[in-house]
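The values are calculated or read from the model by the stated rules, or taken from the named source; none is laboratory data. Treat the numbers as computed from the prediction; the structure is a model and nothing was measured. Counting neighbours? That spans all protein chains shown, and the Cβs are built from the backbone with ideal geometry, glycine included.
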Amino acid sequence: MDEKLFQELLEKQARGACTPSEEAVLLQWYEAFEVTDQKPVADEAEYSYVEQLMLTNIQQHITSRSAAGASEISLAAWWRSGWARAACFVLLLAGGILWWSLAEFRKPATIAWTTITTQQGERHRVLLPDSSVVYLDGGSVLQFPVAFTGAERRVKLVAGEVFLDIHPNTKHPFIVYTANLHVKVLGTSFMVRNRLRDTTITVAVKTGRVALQASGDTSLVLAAMGKAVYDKHRQSMQQMRCDSRAISGWVNNELFFEDDTLEAIAEVLANSYGMKYIITDEALKHKRFKAGFVHRTPDDMLRVLSKMGDFHYSIKDSVIRIYP
């Protein structure tokens, strides 16, 4: 039907001036709108949105009539009459209000992101919008949206180390993004370490399974007690087994090292206790250790490690100095 003619018929009907044949034409259009798929909306959600928009405008119309002293009108009865719904829809359409409103409805919402930063020696527990929990070690930066929308739940580990306990949701996988690697899970607990000074990214799974996808089309699936170390430069990945205590022990101030270099251990101490370190000998940096410490001070740990690795150390003004 021609839009101009249709508006004229609606105005005549509102004045009670329509002929029976004109009313039949209007009713035929309205019934077609109700029962066919020829709707100016994409799906049922938008159709409901349009209907709510109509109701809002009708309510405003009734309010204005009441304020002017007009007789009361039953909103439900008026809406059920059909004519009001058709008229409201076309008036919205003619004025461009409907299409503007649908554009707002369809426009992707801009979701704000939150950034959590921990200083060296600081740890932080974060509750995510989906009730997942993230523990940040010192010297870490994590970004996440204030609300998870869409098919995936995404967070970004900019730097540092985190342990995550993910709320299960098979319909919305959880993904941790880093610059070189992303980790996809459905519901599990795992650790991701991405220190800016490190040449590797480490992922270790405590419970469940995760899928890793790295640049260079490198991919891997890790199960519980599995660990993967990704080399940022070579774009290669190694898989191995690990102790669960080494995955999340630091959350409770329990540090476990599995074949870690002295430099990596010094980095952990620096981030966990807010310290700096200097290793004067290059060979010492690459010496490896396997040890565990529960609620011990940096001095306690270094004393044990120095005996194991035959080196000396000193701690002054929060600076660890390690030398032969």
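The rows are residues; the columns are (1) more than 15 Å from Arg193 (Cβ to Cβ); (2) in contact (Cβ under 8 Å) with a residue 40 or more places away in the chain; (3) assigned by TED's automatic domain parsing to the domain that holds Gly139; (4) assigned to a strand (DSSP E or B).
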residue: Tyr277; (1), (2), (3), (4): yes, yes, no, yes
residue: Leu284; (1), (2), (3), (4): yes, yes, no, no
residue: Asp299; (1), (2), (3), (4): yes, no, no, no
residue: Ser314; (1), (2), (3), (4): yes, no, no, yes
All positions within segment 173-188 that are hydroxyl-bearing (Ser, Thr, Tyr) and surrounded by 20 or more Cβ atoms within 10 Å (Cβ to Cβ) | Thr188
In segment 141-192, the residues that are within 18 Å of Thr114 (Cβ to Cβ), touching a residue at least 24 places away in the same chain (Cβ under 8 Å) and in a loop (DSSP other than H, G, I, E, B) = Val146, Ala147, Phe148, Thr149, Ile166, His167
Have a look at Val162, Val221, Val176 and point out the one that is more than 17 Å from the chain's Cα centre (by Cα) and of a type in the set (Val, Ile, Thr).
-> Val221
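Is it true that Leu269 is modelled with pLDDT of 95 or more, in a helix (DSSP H, G or I) and not assigned by TED's automatic domain parsing to the domain that holds Glu122? Steps first, please.
Values: modelled with pLDDT of 95 or more: no; in a helix (DSSP H, G or I): yes; not assigned by TED's automatic domain parsing to the domain that holds Glu122: yes.
No, not satisfied.
One residue is enough: does segment 227-239 have a residue meeting the conditions in contact with a Lys or Arg (Cβ under 6 Å, 6 or more places away or on another chain) and not hydroxyl-bearing (Ser, Thr, Tyr)?
Here is the first cut: in segment 227-239, the ones in contact with a Lys or Arg (Cβ under 6 Å, 6 or more places away or on another chain) are none.
Within segment 227-239 (the criterion being in contact with a Lys or Arg (Cβ under 6 Å, 6 or more places away or on another chain) and not hydroxyl-bearing (Ser, Thr, Tyr)), the answer is no, since none of the residues qualifies.
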Restricting attention to segment 193-212, which residues are over 17 Å from Phe163 (Cβ atoms) and assigned to a strand (DSSP E or B)?
-> Thr200, Ala211
Flagged in segment 273-298 as more than 39 Å from the chain's Cα centre (by Cα) and loosely packed, with under 12 Cβ neighbours inside 10 Å, in numbering order, are Glu282, Ala283
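Restricting segment 163-184 to residues that are of a type in the set (Val, Ile, Thr) and modelled with pLDDT of 90 or more, which is farthest from Glu152 (Cα to Cα)? Break it down into steps so the answer makes sense when it comes.
In the first step, residues of segment 163-184 are kept if they are of a type in the set (Val, Ile, Thr); the result is 166, 170, 175-176, 178, 183.
Now restrict to residues that are modelled with pLDDT of 90 or more: 166, 175-176, 178, 183.
Values: Ile166: 13, Ile175: 7, Val176: 10, Thr178: 16, Val183: 12 Å.
Only one residue fits best here, namely Thr178.
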